[in-house]
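One structure is given below, encoded as structure tokens.
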Amino acid sequence: MTPPKWVLRLWSKIAPRRMLIVVESDTPPDLLPTRNLYLAREDEEDWAIALNCPCGCGDRLELLLVPEAKPRWTVISPDGAPPSLHPSVWGQSGCGAHFWIRDGRVHWCKD
């Protein structure tokens, strides 16, 4: 059971910012134990971002970063700062969560 939307929005504002964890591999780790974003990087090439759905449903989200992928995301985290993702993340299956990650915080899209 996922929490009510007002709880998710409040928690997004007061919870610690998400951080970017870089893993040297062409795929993200199988187990994502925290609320952070995992960046799979191999030979200085970024492959994918993995995270647990912030709504609490338990879904694992993997977003491709390689230029030939469609759709493709971009992650920005200058000098270890909390990450931002572009474009928004919209789960097309499961809970259907729709959100942005800006400076390590989840910003929910309006219903």
Open item on the list: Please go through the range 1-24 and give me each residue that is closer than 22 Å to residue 71 by Cβ and open to solvent by less than 30 Å² (accessible area, probe 1.4 Å), ordered by number.
Closed with: 18
- [ ] Working only within the range 68-111, note down all residues that are within 17 Å of residue 41 (Cα to Cα) and surrounded by fewer than 15 Cβ atoms within 10 Å (Cβ to Cβ).
- [x] 68, 69, 72, 74, 76, 78, 79, 80
TODO: Scan the range 2-52 residue by residue and report those that are without any contact (Cβ under 8 Å) to a residue 60 or more places away in the chain, closer than 20 Å to residue 99 by Cα and in contact with an Asp or Glu (Cβ under 8 Å, 6 or more places away or on another chain).
DONE: 39, 48, 49, 50, 52
Open item on the list: I'd like the residue in the range 74-111 that is among the acidic types (Asp, Glu) and on the phi > 0 side of the Ramachandran plot and, out of all such residues, is modelled with the highest pLDDT.
Closed with: 103
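Let's see how each residue does on (1) open to solvent by 20 Å² or more (accessible area, probe 1.4 Å); (2) over 11 Å from the mean Cα position of the chain (by Cα); (3) at pLDDT 90 or above:
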{"site": "27", "(1), (2), (3)": "yes, yes, no"}
{"site": "30", "(1), (2), (3)": "yes, yes, no"}
{"site": "46", "(1), (2), (3)": "yes, yes, yes"}
{"site": "49", "(1), (2), (3)": "no, no, yes"}
{"site": "55", "(1), (2), (3)": "no, yes, no"}
{"site": "66", "(1), (2), (3)": "no, yes, yes"}
Task: Residue check, residue 60 charged (D, E, K, R), under 28 Å from residue 2 (Cα atoms) and surrounded by 16 or more Cβ atoms within 10 Å (Cβ to Cβ) - done: no
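The values are calculated or read from the model by the stated rules, or taken from the named source; none is laboratory data. Please read these numbers as outputs of a predicted model, since none were measured by experiment. Neighbour counts run over all protein chains shown; Cβ positions are idealised from the backbone, glycine included. Heads up: the accessible areas ignore ligands, DNA and RNA and are worked out on the full protein's heavy atoms, side chains in. Shrake-Rupley method; radii C 1.70, N 1.55, O 1.52, S 1.80 Å.
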